[in-house]
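Have a look at the structure below, then the notes.
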Amino acid sequence: MNTEQRSNIISRLSKIINDDRIARLNKVIEQRSRYLTVVLDDIYIPQNASAVIRTSECIGLQYVHIIEERNKHKTNRDVVKGSAKWINLNRYENETGRIECIEKLKQQDYKVAAMTLNEKSIPLEELPVNEKLALCFGCEETGLNKEIEDNADYQVQIPITGFTQSYNISVSAGISIYYLMNKIKDTKQNWQLNKEEKEKLLIDWLSKSTPTGSALLDRYKEESEKV
């Protein structure tokens, strides 16, 4: 769709949705970002993956990448609280999914940060935010896959000063996402979605805001292509 087609569809969908809802959608879109993204590598406890998805959506991340080698992702509705509806989940399956995910992120100019506890890891606060970042979190039992560590641009850890040797993955992700998004905004990076991305996202969200939205969107798209 071109700009005119997107504008027309937004106008038509907006006519069947109340003004307060539209204002809310636009307000949230202004805080959305793909500058920072999250990769979940073969997480086997559904509650943890769902908690990270929920946190990502709350803080304004639009994309989460899920690698499923041994463990298929299953959304826990009680934990995710509908957040998965409002973000893009990109899934990578089988033994080739891990490298496929990392390669695609690097092609999109992301710097890959492997969240891992080892002697090479830098503290979270030393991680540069002058380029787009993909934070990679690993399986609760075995940690992040070595393939990702070896292909990462950075290895990063959240320093621990207590007796316990690691954070729960959802806690680690929450601390990292919140800290880095605030740092990114403070350093005046161009972190927001561009105009086209905002329009496409608004169309998607408008269609999800009414029971008939999906069918109407399909119809409006078909009609716009005939014009």
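The values are calculated or read from the model by the stated rules, or taken from the named source; none is laboratory data. What you see is a predicted model, and the numbers here were worked out from it, not measured in a lab. FYI the Cβ positions are ideal-geometry reconstructions off the backbone, even for glycines, and counts take in every protein chain you see.
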Kindly list the number of the only condition in (1) under 20 Å from K195 (Cβ atoms); (2) under 13 Å from the mean Cα position of the chain (by Cα) that fails for A49.
(1)
Here are the criteria: (1) within 26 Å of R32 (Cβ to Cβ); (2) among the charged types (D, E, K, R); (3) not assigned by TED's automatic domain parsing to the domain that holds L13. Tell me which single one K120 does not satisfy.
(1)
List pairs: first residue in segment 177-202 and exposed (fewer than 13 other Cβ atoms within 10 Å of the Cβ), second residue not in a helix (DSSP H, G or I) anywhere in the structure, Cβ distance under 8 angstrom, at least six positions apart or on different chains.
T187/V129; T187/N130; N190/Y35
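Checking the structure you have, find out if any residue of segment 126-141 is exposed (fewer than 14 other Cβ atoms within 10 Å of the Cβ), assigned by TED's automatic domain parsing to the domain that holds S56 and in a helix (DSSP H, G or I). Walk me through how you get there before you give the answer.
Initially, segment 126-141 is screened for residues exposed (fewer than 14 other Cβ atoms within 10 Å of the Cβ), giving 126, 128, 130-131, 141.
Then keep just the ones that are assigned by TED's automatic domain parsing to the domain that holds S56; that gives 126, 128, 130-131, 141.
Checking which are in a helix (DSSP H, G or I) leaves us with 126.
Scanning segment 126-141 turns up at least one residue that is exposed (fewer than 14 other Cβ atoms within 10 Å of the Cβ), assigned by TED's automatic domain parsing to the domain that holds S56 and in a helix (DSSP H, G or I).
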Log entry, pairs with first residue in segment 93-104 being assigned by TED's automatic domain parsing to the domain that holds Y44, second being in a helix (DSSP H, G or I), beta carbons closer than 7 Å, six or more apart or on different chains, reads R98/E147; R98/I148; I99/E147; I102/I148; I102/N151
How many residues are among the aromatic types (F, W, Y) and without any contact (Cβ under 8 Å) to a residue 12 or more places away in the chain if we restrict to segment 23-74?
0
Given the options Y35, Y44, Y63, name the one that is aromatic (F, W, Y) and within 19 Å of K208 (Cα to Cα).
Y63
Just one of the numbered conditions (1) more than 19 Å from W86 (Cβ to Cβ); (2) of a type in the set (V, I, T); (3) modelled with pLDDT of 95 or more is not true of T164; which one?
(3)
